[in-house]
Ligand code: IVH
């Protein structure tokens with residue numbers, strides 16, 4: 001090789017290593033070391049240099065993730081060590097029996113005196129894969145298949161950014177067969193399905209199908225566009241290093257090779273700790289960024305694993321403790337349309353009650369008329385119902401039964417089921433709406449409920465049940481009427497004693513002292529959420545300004561576009577709304593100017609901030625107020641457009657997500673330092 005070529009080879013090596021290090025920091029540690037633009041420059045430089053010297057391109061170069069041409073078929077690959085399955089535990093007792101089996105057997109062998117130590121890992125809901133690294137470079141990737149052999153999906157697995165094409169370290173092992181789960185994170189799944197629907201393609205049923213389907217593509221450029229991730233959880237064949245003597249040691253070793261491990265694994269001792277971890281993760285399940293369907297418990301000592309051995313199907317030293325199913329089958333008994341605060345009609349399936357996701361479910365939403373048409377749900381259909389955590393149960397899809405005669409197609413009603421006003425569809429909107437406005441009892445009730453809700457005027461005790469009674473008894477027609485209620489009127493209502501009535505009147509009185517932002521939010525103007533209401537309040541300072549001449553320039557307020565501006569102007573132009581606003585002010589609703597003072601210019605001005613975890617110095621609402629005063633916009637969810645995440649104690653998945661997205665995270669005290677500057 002010439003001197004010049006040698007020099008280029010060295011330069012390529014340095015560039016590749018540097019990119020691989022950045023990939024590792026970004027994808028595995030979730031702690032990026034350089035800005036995206038700088039990374040792109042390095043990659044471009046490498047591409048250019050490789051383009052000029054094609055003979056120096058290596059298979060594990062970061063430019064070689066997506067192969068050029070699709071494969072014609074999937075070749076068969078024999079696993080060097082079989083990929084076993086896991087036995088399941090569905091009840092606590094199954095887990096206790098599992099622990100007893102191991103303890104008794106090892107006791108017989110004289111190998112155990114105390115409680116067994118296990119590694120607890122989330123059971124990831126994706127597709128199992130086996131990867132083979134030879135001399136540190138990714139050589140093969142295969143599906144589980146029948147356990148002994150699977151399909152060659154190397155071309156697709158190479159496209160997953162968190163799969164290293166080369167293992168880290170100076171002395172990579174001669175051979176490493178490594179096992180893991182490819183999955184589609186929840187946010188990627190939602191994003192992907194939205195896009196699929198927009199493009200008229202079929203969405204995936206769940207993240208598991210999405211992962212498995214994405215891996216079974218002949219064309220790797222298709223897989224490359226799917227948001228896939230991987231967590232590794234075990235080893236097959238290996239050569240060139242000493243095997244750790246615990247499973248936790250194996251996980252740490254894999255991690256040191258640059259292989260991504262699920263961050264939520266833990267060592268637990270005794271079966272009662274296993275159950276504690278199971279319960280803890282079940283609560284955390286909804287907020288995790290990836291789907292899990294249970295917990296895998298693995299005996300930590302490799303020696304004990306070997307003593308326990310395996311059947312041909314599954315190891316005796318591990319078990320999968322499954323969570324209750326989140327999807328079940330049931331029958332649709334009827335379909336109603338519910339009317340919400342803004343008149344939107346939501347189709348709701350009334351069901352034969354079914355136990356799903358840990359609760360009895362008899363209603364499930366169909367979201368909107370388009371969803372109902374797309375899913376074509378009819379009375380009498382057998383459907384899959386999904387209830388995940390606190391999310392409203394939904395109809396996933398119908399189960400086709402060709403033999404049975406189906407009910408009639410459900411059409412959008414022409415008239416509102418509550419007030420019989422016309423139902424219209426506005427172009428570009430998913431919802432069909434009742435045009436009845438406050439004539440419609442349903443909208444009336446929901447808007448009064450919104451007015452009194454916690455983040456609006458916060459009238460404690462004035463819940464939806466009470467509001468329904470008040471409206472049905474014609475005691476309240478709109479939010480302003482709340483302030484005319486007397487103890488006498490209230491105590492005549494069902495299930496209402498004098499004491500409760502007095503308390504409610506007291507709470508109504510208390511709600512009169514509020515803030516301009518809360519008041520605006522409480523009015524329930526279409527698309528004016530808390531954040532928008534706060535921005536408007538900070539900008540205009542007074543209601544007179546907003547309702548007067550100045551209010552015409554609403555688009556000047558940060559984050560307000562022409563549609564929201566029009567909604568606000570239409571609201572205040574309506575004489576009925578004007579009357580209600582003045583009636584509310586006459587009733588004594590007030591706010592001090594100081595609470596809606598123009599924000600100070602600070603380091604956070606114009607920044608989008610997310611709060612997570614419990615704060616020790618103030619309530620969440622106070623923190624929001626303070627952030628608004630610093631000129632920041634506070635949102636609930638972390639996304640690419642977030643600028644900063646403030647973390648209190650026990651932060652959940654939001655902090656994790658921020659870390660993954662490379663968004664700045666600061667502690668509560670660091671934020672207070674900024675605030676008190
Ligand atoms: S260990 C010999 N660990 O569950 C042990 N499997 O039912 C084999 N899975 O095919 C598997 N998360 O796809 C293991 N942390 C985890 C897992 C896990 C998900 C899947 C894997 C396997 C299936 C077995």
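Taken together, the values in this text are just the output of simple stated rules run on the coordinates, not laboratory data. Keep in mind the model is a prediction, meaning the values are calculated, not measured. Cβ coordinates were reconstructed from backbone atoms using ideal geometry, including for glycine residues, and neighbour counts include every protein chain displayed.
Given axes a ≥ b ≥ c from the Cα gyration tensor, I'd like to know whether segment 597-655 is rounded (a/c under 1.5), prolate (a/b larger than b/c) or oblate.
oblate
For the chain, find the longest principal axis of its Cα atoms and tell me its angle to the long axis of helix 271-284, 0 to 90°, nearest 10.
Orientation of helix 271-284: about 50 degrees from the principal axis.
Would you mind computing the Rg to Rh ratio of segment 156-198 from its alpha-carbon coordinates, Kirkwood style for Rh?
1.16
For the chain, what relative contact order do you get, as a whole percent, if you take Cα pairs closer than 8 Å and at least 6 residues apart?
Rounded, it is 9 percent for the chain.
Quick one: length gained pulling residue 245 to residue 435 fully straight, 0.36 nm per residue minus the C-alpha distance?
61.4 nm is the gain from fully extending residue 245 to residue 435.
So between residue 370 and residue 602, what do we pick up on full extension, going 0.36 nm a residue minus the alpha carbon distance?
79.0 nm
Once both labels are modelled 7 Å past Cα along the beta-carbon direction, what's the residue 59-residue 355 spacing in nm?
Here the modelled spin labels are 5.2 nm apart.
Expressed as a whole percent, how much of the Cα-Cα distance distribution for segment 126-268 exceeds 20 Å?
I get 48 percent for the Cα pairs in segment 126-268 exceeding 20 Å.
Tell me, what is the percent relative contact order of segment 401-521, built from C-alpha pairs under 8 Å that lie six or more residues apart?
Once divided by the residue count of segment 401-521, the mean separation gives 18 percent.
Put one equal scatterer on each alpha carbon of segment 214-332, apply the Debye formula with no solvent term, and list log10 I(q)/I(0) at q = 0.09, 0.11, 0.21 1/Å to two decimals.
Debye curve over Cα of segment 214-332, log10 I(q)/I(0) at q = 0.09, 0.11, 0.21 Å⁻¹: -0.36, -0.53, -1.34.
Run the simple label-point estimate for residue 47 and residue 266 please: 7 Å along Cα→C-beta, distance reported in nm.
4.4
Taking the chain as the reference, fit the longest principal axis to its C-alpha atoms, fit the long axis of helix 3-23 to the helix C-alpha atoms, and give the angle between the two in degrees, 0 to 90, nearest 10.
Approximately 40 degrees, to the nearest 10.
Place a label point 7 angstrom from the Cα of residue 109 along the Cα-to-Cβ direction, then list the residues of segment 278-322 whose backbone nitrogen is under 15 Å away.
Answer for segment 278-322: 299-311, 315-318.
I want to check the label-to-label distance for residue 498 and residue 293. Put each point 7 Å from Cα in the C-beta direction and report it in nm to one decimal.
Reported label-point gap for residue 498 and residue 293 is 6.0 nm.
How much FRET efficiency would the formula 1/(1 + (r/R0)^6) give for residue 397 and residue 544, where r is the Cβ-Cβ distance and R0 is 51 Å, rounded to 0.05?
With R0 = 51 Å, the Cβ-Cβ based efficiency is 0.45.
Could you pull the Rg and Dmax for segment 43-182, using just the Cα atoms, both in Å?
Rg, Dmax (Cα atoms, Å): 20.7, 67.
Where does the chain land at 222 nm, in deg cm²/dmol rounded to the nearest 500, when only DSSP H runs of n ≥ 4 count, each adding -39500 (n - 2.57), divided by all residues?
The helix contribution divided over the chain gives -10500 deg cm²/dmol.
How big is D, in µm² s⁻¹, for segment 388-441 by Stokes-Einstein at 25 °C and 0.890 mPa s if Rh is the Kirkwood radius over C-alpha pairs?
The diffusion coefficient I find is 168 µm²/s.
So for segment 304-444, averaging the separation of alpha carbon pairs under 8 Å that are six or more residues apart and normalising by length, what relative contact order in percent results?
With pairs under 8 Å counted, the relative contact order is 22 percent.
May I have the pair-distance distribution P(r) for segment 626-677, computed from all Cα-Cα distances with 10 Å bins from 0 and rounded to whole percent?
Whole-percent P(r) values from 0 Å outward: 24, 57, 20.
With N set to the residue count of segment 461-517, report its C-alpha Rg divided by 2.2 N^0.38 Å to two decimal places.
In units of the 2.2 N^0.38 Å rule of thumb, it is 1.10.
To the nearest whole percent, what portion of all C-alpha pairs in segment 390-490 is separated by more than 17 angstrom?
For segment 390-490, the fraction of Cα-Cα distances above 17 Å is 66 percent.
Rounded to the nearest 5, what is the percent of antiparallel bridges among the DSSP beta bridges in segment 320-466?
In segment 320-466, approximately 95 percent of DSSP beta bridges are antiparallel ones.
Between residue 303 and residue 673, how high is the FRET efficiency from 1/(1 + (r/R0)^6) when r is the Cβ-Cβ distance and R₀ = 60 Å? Nearest 0.05.
Result of the calculation: an efficiency of 0.70.
Give me the percent of DSSP beta bridges within the chain that run antiparallel, rounded to the nearest 5.
80
Take the alpha carbon atoms of segment 262-376, find their radius of gyration, then divide it by 2.2 N^0.38 Å using N residues; give the quotient.
1.57
Please state, to two decimals, what the Cα-based radius of gyration of the chain comes to when divided by 2.2 N^0.38 Å (N = residues).
That ratio works out to 1.14.
Using the count of nearby Cβ atoms within 10 Å as a rough guide to exposure, how do 518, 601, 374, 208 rank from fewest to most?
The fewest-first ordering by Cβ neighbours comes to 601, 374, 208, 518.
Using only the alpha carbon atoms of segment 271-336, find the Kirkwood hydrodynamic radius as the inverse mean reciprocal pair distance, in angstroms to one decimal.
Over segment 271-336, the inverse of the mean reciprocal pair distance is 14.8 Å.
Kindly identify segment 412-453 as rounded, prolate or oblate by the Cα gyration tensor criterion: order the square roots of the eigenvalues as a ≥ b ≥ c, call it rounded if a/c is under 1.5, otherwise compare a/b with b/c, prolate if a/b is larger, else oblate.
Since a/c reaches 1.5 but b/c is at least a/b, the shape of segment 412-453 is classed as oblate.
Please state the shape class of segment 405-560: rounded when a/c is under 1.5, otherwise prolate if a/b exceeds b/c and oblate if not, all from the C-alpha gyration tensor.
Oblate, because a/c is 1.5 or more while a/b does not exceed b/c.
Rounding to the nearest 10 and keeping the result within 0 to 90°, find how far the Cα-based axis of helix 530-540 lies from the longest principal axis of the chain.
Once rounded, the angle reads 60 degrees.
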